[in-house]
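Take a look at the structure set out below.
The values are calculated or read from the model by the stated rules, or taken from the named source; none is laboratory data. This one's a predicted model, so the numbers in the text were calculated from it and none came from an experiment. Here the Cβ is made from the backbone with ideal geometry for all residues, glycine too, and neighbour counts use every protein chain on show. All accessible areas refer to the heavy atoms of the entire protein, side chains included, with ligands and DNA or RNA removed. Shrake-Rupley method; radii C 1.70, N 1.55, O 1.52, S 1.80 Å.
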Amino acid sequence: MRIYDIISKKRDKQKLSKAEIDFFVEKYSKGEIPDYQAAALLMAIYINKMDKEETVYLTEAMMNSGDVIDLSDIGGIKVDKHSTGGVGDKTTIALAPLVAACGAPVAKMSGRGLGHTGGTLDKLEAIPGFSIEMDSKKFVDSVNEHKIAVCGQTASIAVADKKMYALRDVTATVDNISLIAASIMCKKLASGANAILLDVKTGDGAFMKTLDDSFELAKAMVDIGCGMNRETIGMITDMDEPLGFAVGNSLEVIEAIETLKGNGPKDFVLLCETLGSYMLVLAKVAKDFDEGLSMIRDAINSGKALEKLKVFIENQGGNKNVVDDYTLLPQASKIVPIKANKSGYISKIEAEEVGIAAMILGAGRETKEDLLDLSAGIVLEKKVGDYVNEGDILAYMYLNKEEKFEQAKERFINAYSIVEEKVEPKKLIYGVVTKNEVKKF
């Protein structure tokens, strides 16, 4: 078998076999295929696309290029949740203990943030002492005993994907549904869960900007998961404006805790309830969505979810007292109100611009080497549909780097569109994709 023949075959719009895809992934990850030939094949795939079967083959080959985690020592059906990322997306911090409190085992591997989207691990590390490092025995024991553990992905998971993504990034071959879906799913599948819930964000602050693309990506990922015998559900949710009110690491931890205390923002509560209900169905803890929803709401109202969060924090070395004393979290030296420059209804908040403003303050990374300011960020006071008078407070900025404030403020103000006519808030959930159907709401 020769890589030259595989490139020419895909160039000529033919379907690649499992053996050909396996050959490419294995040889490229070992350095036996040069970048220029790999780039040629990726461009041929980008232009001529892959079908459902080819995409499954590619995902499986990338999954097997590194370690595949064995979670068989954990009892029950292990459910993982993956979000394609967004601004203010602190979902795992509230959702994992919420689902675990209902009896479903949550064994989760999460990532760090880059650019305007925040990473779960960075947010959890805002909690004093919290460690995302744990060996496999501790990880398994934690889930068996407490139903919950969250750790960082090891460098040895899906090694071909890291190498391939770096090449795609510099050869304009990132935006292909099959390549995106395979990249996401190879890591999820290698992480060992039995069932996967996908939260595919759509809109300004999301990776996929349009509804059609978001549904297409969700369908591709659900097809991969189900094609590899993992029950998989995809949800398409809004990221045209930030999720909840808080953007920034310690600020998002506070909002997640408040949600488990029953005081969460409406959109964030709805998302947690919906994702959580589907996770309980996937874990076979609830017989249907309605029963799952009842269990999720009870876990919040009874305080079980909040107690589970404390257990989770303490088990991973963190100070559980943060749940009742937010001053134990990193604190910004300055909190500055940002005021509306005109009166009217808020018609749009560009989530990506808000995320970039928070990043400028220190809440995100422009490069992997950047150090985070875990106390920095933005807390919104007004969202789409709200009426504001000129001079009303739109948000508060939390910062330590005063020299960056004006730049961040300008980005933030420009993210808001204020109009005279009344505006209705957009819906949060646009649809659900399962093995058998695509249901649009």
Inset, instruction - Quick one: which residues, 5+ away or cross-chain, put their amide H under 5 Å from the amide H of Val106? H built at 1.01 Å from N. - result: Ile148, Ala149
Legend entry - When each of Lys284/Lys308; Lys320/Lys383; Lys90/Lys162 is checked by Cα-Cα distance, pairs over 28 Å: Lys320/Lys383
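Once the piece of chain linking Met228 and Lys401 is laid out straight, how much longer is it, given 0.36 nm per residue of separation minus the C-alpha distance between them?
Numbers: separation 173, 0.36 × 173 = 62.28 nm, distance 4.78 nm.
Full-extension gain reported as 57.5 nm.
Could you calculate, for the chain, the ratio of the Cα radius of gyration to the Kirkwood radius, expressed as Rg to Rh?
Values: Rg = 21.9 Å, Rh = 22.5 Å.
The Rg/Rh ratio comes out at 0.97.
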Inset, instruction - Rounding to the nearest 20 debye, state how big the charge dipole of the range 1-60 is about its Cα centre with +1 on each Lys and Arg Cβ and -1 on each Asp and Glu Cβ. - result: 200 debye
Legend entry - Label-point separation in nm, Ser294 to Phe441, each point 7 Å along Cα→Cβ: 2.0 nm
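Could you look at the range 1-111 and say what percent of its accessible area is carbon and sulfur, using a 1.4 Å probe and all protein chains? Intermediate values should be presented prior to the final figure.
Numbers: 2180 of 4410 Å².
The C+S portion of the solvent-accessible surface of the range 1-111 is 49 percent.
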Inset, instruction - Hey, can you grab everything whose amide H is under 5 Å from the amide H of Val87? Only 5+ residues off in sequence or another chain; H modelled, so Pro and N-termini drop out. - result: Leu243
Legend entry - Cut-off 13 Å (backbone N to label point 7 Å along Cα→Cβ of Ile77), residues of the range 170-212: 194-197
Legend entry - Dipole of the range 1-140, positive end: most advanced residue of Ala107, Ile33, Asn48 [Cβ charges, Cα centre]: Asn48
Inset, instruction - Rounded to the nearest 500, what is the 222 nm mean residue ellipticity of the chain from helices alone, with -39500 (n - 2.57) per DSSP H run of 4+ residues and division by all residues? - result: -13500 deg cm²/dmol
Legend entry - For the range 179-185, Karplus couplings with θ = phi - 60° (6.51, -1.76, 1.60), whole Hz, Gly/Pro x: 5, 5, 4, 5, 5, 5, 6
Inset, instruction - Sticking with the crude label model, points 7 Å out along Cα→Cβ, report the distance from Asp212 to Val419 in nm, one decimal please. - result: 2.2 nm
Inset, instruction - Can you send over the solvent-accessible area of Glu410, 1.4 Å probe, protein chains only, in Å² to the nearest 10? - result: 120 Å²
Inset, instruction - Round to the nearest 10 and give me the degree value, 0 to 90, for the angle of helix 351-361's Cα axis relative to the longest principal axis of the chain. - result: 70 degrees
Legend entry - For the range 180-257 and the range 376-420, distance of Cα centres in Å: 27 Å
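Cβ under 12 Å from Val68's Cβ, Val68 left aside: what net charge do those residues give with Lys, Arg +1 and Asp, Glu -1?
Residues near Val68 contribute -1 overall.
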Legend entry - For the range 49-145: rounded, prolate or oblate by the Cα gyration tensor [a/c cutoff 1.5]: oblate
Inset, instruction - On a 0 to 90° scale, report how tilted helix 266-282 is relative to the longest principal axis of the chain, with both axes built from alpha carbons and the result rounded to the nearest 10. - result: 40 degrees
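If I stretch the segment between Lys287 and Val336 completely, what's the gain in nm (0.36 nm per residue apart, minus their alpha carbon distance), one decimal?
Working: separation 49, 0.36 × 49 = 17.64 nm, distance 4.80 nm.
Stretched fully, the Lys287-Val336 segment lengthens by 12.8 nm.
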Inset, instruction - In whole Hz, with x marking every Gly and Pro, tabulate ³J(HN,Hα) for the range 306-314 from phi via Karplus 6.51 cos²θ - 1.76 cosθ + 1.60, θ = phi - 60°. - result: 5, 4, 5, 4, 4, 4, 4, 4, 5
Legend entry - Most positive-pole-ward Cα, Pro97, Gly391, Ala256, against dipole of the chain from beta carbon charges: Pro97
Inset, instruction - Treating cross-link reach as a plain straight distance, find the aspartates and glutamates whose alpha-carbon is under 19 Å from the alpha-carbon of Lys209, omitting any fewer than eight places away in the same chain. - result: Asp89, Asp169, Asp175, Asp199, Asp238, Asp240, Glu241, Glu350, Glu352, Glu353
Inset, instruction - Take the alpha carbon atoms of the range 62-109, find their center, do the same for the range 258-321, and report the distance between the two centers in whole angstrom. - result: 14 Å
Legend entry - Peptides 69-76, 372-379, 232-239, 159-166 ordered by average Cβ neighbours within 10 Å, highest first: 232-239, 372-379, 159-166, 69-76
Inset, instruction - First check a/c for the range 387-441, with a ≥ b ≥ c the square roots of the eigenvalues of its C-alpha gyration tensor; if it is under 1.5, answer rounded, and if not, answer prolate when a/b is larger than b/c or oblate otherwise. - result: oblate
